[in-house]
Amino acid sequence: MIAEQVSVHGPCPLRGRLRMPGDKSLSHRALLLAGAAQGTSRIRNLANGDDVYRSRLAMESLGVRVREAVGELLVSGSGWDGLREPDSVVDIGNSGTGIRLLAGLVSGRPFLTVLVGDASIARRPMGRVAEPLRAMGAHIDGRDNGNLTPLVIRGGGLRGQHHHLAVASAQVKSAILLAGLQAEGTTLVTEPAQSRDHTERMLAALGVPVVVDAKLRSVRLEAAALPGFEFTVPGDPSSAAFWVVGALITPGSELTVEGVSLNPGRIGFVDVLRRMGAAIEVVPTGTELGEPVGDLHVTSGPLQATVMEGDEIPSIIDEIPILSVAAAFAEGTTEVRDAAELRLKETDRIGAIEQELGQLGATVRTRRDGLTIEGGTALRPGTIRSHGDHRIAMAAAIAGNAIAGVTTIRGWRGVASSYPTFTDDLAALTGTR
Ligand code: S3P
């Protein structure tokens with residue numbers, strides 16, 4: 001049971017070694033691809049949060065058999081045609097990735113699926129997936145002409161298309177690719193900037209001929225059947241980022257996070273922090289279904305301000321809350337630009353960062369697409385609201401752990417979506433367990 005609020009007593013150095021729960025993005029994809037595959041897949045280290053659990057339930061409601069064995073999940077698919085019309089509405093909880101990827105998957109199926117989520121999902125734009133999937137032939141309705149949930153999808157009979165995305169989004173790209181795997185002809189997606197490429201990497205590792213043109217930022221594929229597979233999900237770099245920043249800003253810290261995905265589309269935060277002066281060692285250890293994996297080693301040290309902007313933003317989009325905490329502890333003024341997408345996440349993260357870092361005494365100014373954070377002023381403990389957003393809650397806990405005094409985070413329960421065991425890991429690293 002996750003507490004409704006937690007209090008963090010700082011400053012407390014973070015020391016030791018730890019492994020992250022499986023990456024959330026990879027876990028959603030593993031469940032969806034395994035459910036559409038022909039045969040049984042064995043998945044280890046699946047993400048342990050509610051978001052991914054909802055994707056598992058969704059696949060079960062589509063007729064996929066999922067069993068828990070010792071240390072692994074067995075997912076038995078019967079191919080695309082083995083998927084069945086759900087008996088009831090599919091509730092995806094808080095998960096934007098879950099709902100958008102599932103929209104792509106069921107758009108290829110000749111039956112009715114109704115996708116809903118929580119109050120945050122009800123505010124997030126779905127037109128960005130509904131429109132391209134409609135262009136391929138799916139019938140999609142919902143509030144605001146299909147821009148808002150519930151999404152009512154009658155799929156099947158898809159034709160491949162060339163899609164030019166207006167914003168770099170791996171969720172949208174992946175939804176289109178999942179539909180494209182079931183469409184007649186060629187599906188091509190071109191992005192304005194490179195977003196995370198997990199779906200392409202996994203499909204290629206499963207033997208699907210996916211053509212990626214890095215220069216044009218395009219991905220092309222045709223219909224394909226998927227084989228069952230074995231996959232040990234690499235640790236979540238977005239979760240690791242909290243500990244890396246926590247160690248940097250809390251004097252006396254030294255820690256190693258083992259076995260995380262080192263996908264370049266995910267570890268942009270390491271480049272940003274190194275630019276800020278951080279000592280972070282990256283040690284590659286292997287690959288899993290096309291994903292590079294390795295360890296991150298970090299020691300506390302002073303940070304300087306930086307600018308985050310342009311094509312770098314998609315590779316740090318989920319880390320901007322915790323990078324903003326790093327900026328508040330750095331010397332100088334940090335700028336975040338070109339990040340309007342942050343306003344469309346689990347909450348408006350630009351507004352949430354301004355308010356909550358402000359509670360801790362930081363000076364933060366916002367624009368439509370970014371933030372200015374004045375670093376170097378001594379922060380004070382305070383009471384933080386999570387805005388129902390797991391990453392705001394955890395970023396606040398990491399800031400609180402570095403500040404002298406007691407910081408309280410209200411609405412802590414939101415961490416259930418990605419990292420329910422965060423407080424256990426905090427206690428282990430601070431030696432308070
Ligand atoms: C994700 C893509 C990103 C990211 C989200 C996970 C994914 O969203 O913010 O947490 O797994 O594809 P967008 O596709 O909206 O950029």
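The values are calculated or read from the model by the stated rules, or taken from the named source; none is laboratory data. These numbers come from a predicted model, not from an experiment. Positions of Cβ are backbone-derived with ideal geometry, glycine not excepted, and every protein chain shown enters the neighbour counts. Side chains included, ligands, DNA and RNA excluded: accessible areas come from the protein's heavy atoms. Shrake-Rupley method; radii C 1.70, N 1.55, O 1.52, S 1.80 Å.
Key figures for this structure:
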item: In the range 181-195, the residues that are of a type outside the set (Ser, Thr, Tyr), over 16 Å from the mean Cα position of the chain (by Cα), farther than 13 Å from Gly155 by Cβ and away from the ligand (no atom under 11 Å from the Cβ); result: Glu184, Gly185, Leu188, Val189, Pro192
item: Candidate set from the range 134-145 (those that are open to solvent by 10 Å² or more (accessible area, probe 1.4 Å) and not in a helix (DSSP H, G or I)); member that is nearest to Asn94 (Cα to Cα); result: Gly142
item: Identity of the residue in the range 196-217, of a type outside the set (Val, Ile, Thr) and within 16 Å of the ligand (Cβ to nearest atom), that ends up nearest to Asp318 (Cα to Cα); result: Arg196
item: Within the range 1-106, strands (runs of 3 or more DSSP E) holding 3 or more residues that are open to solvent by less than 50 Å² (accessible area, probe 1.4 Å) and over 20 Å from Gly228 (Cα atoms); result: 5-10
item: Qualifying residue in the range 72-93 (condition: within 16 Å of the ligand (Cβ to nearest atom) and in contact (Cβ under 8 Å) with a residue 12 or more places away in the chain); result: yes
item: Long-range neighbours under 6 Å by Cβ, at least six apart or interchain, first residue under 20 Å from Ala278 (Cβ atoms) and touching a residue at least 24 places away in the same chain (Cβ under 8 Å) within the range 223-241, second within 16 Å of the ligand (Cβ to nearest atom) and of a type in the set (Ser, Thr, Tyr); result: Pro237/Ser261; Ser239/Tyr419
item: Test result for Ser195, assigned to a loop (DSSP other than H, G, I, E, B) and at pLDDT 95 or above; result: yes
item: Looking only at the range 17-33, and only at residues there that are aliphatic (A, V, I, L, M) and within 16 Å of the ligand (Cβ to nearest atom), the one that is nearest to Asp295 (Cα to Cα); result: Met20
item: Residue pairs meeting the criteria (Cβ under 9 Å; at least 6 apart or on separate chains; first acidic (Asp, Glu), in the range 134-160; second open to solvent by 50 Å² or more (accessible area, probe 1.4 Å) and assigned to a strand (DSSP E or B)); result: Asp141/Pro150; Asp141/Val152; Asp141/Arg154
item: Conditions (1) away from the ligand (no atom under 16 Å from the Cβ); (2) part of a helix (DSSP H, G or I); number of the one not met by Leu296; result: (2)
item: Filter pass, Leu148 being modelled with pLDDT of 95 or more and either under 17 Å from Ser55 (Cα atoms) or surrounded by 23 or more Cβ atoms within 10 Å (Cβ to Cβ) (or both); result: no
item: Residue that is nearest to Arg100 (Cα to Cα), among those in the range 341-387 that are aliphatic (A, V, I, L, M) and open to solvent by 50 Å² or more (accessible area, probe 1.4 Å); result: Leu344
item: Residues being buried (at least 22 other Cβ atoms within 10 Å of the Cβ) and either within 12 Å of the ligand (Cβ to nearest atom) or touching a residue at least 40 places away in the same chain (Cβ under 8 Å) (or both) - total across the range 116-133; result: 4
item: Residue list for the range 153-203, filter: over 23 Å from Leu83 (Cα atoms) and among the charged types (D, E, K, R); result: Glu191, Arg196, Asp197, Arg201
item: Checking Ala168 against (1) surrounded by fewer than 24 Cβ atoms within 10 Å (Cβ to Cβ); (2) hydrophobic (A, V, I, L, M, F, W, C); (3) closer than 21 Å to Met202 by Cα; (4) more than 13 Å from the ligand (Cβ to nearest atom), the condition it does not meet; result: (4)
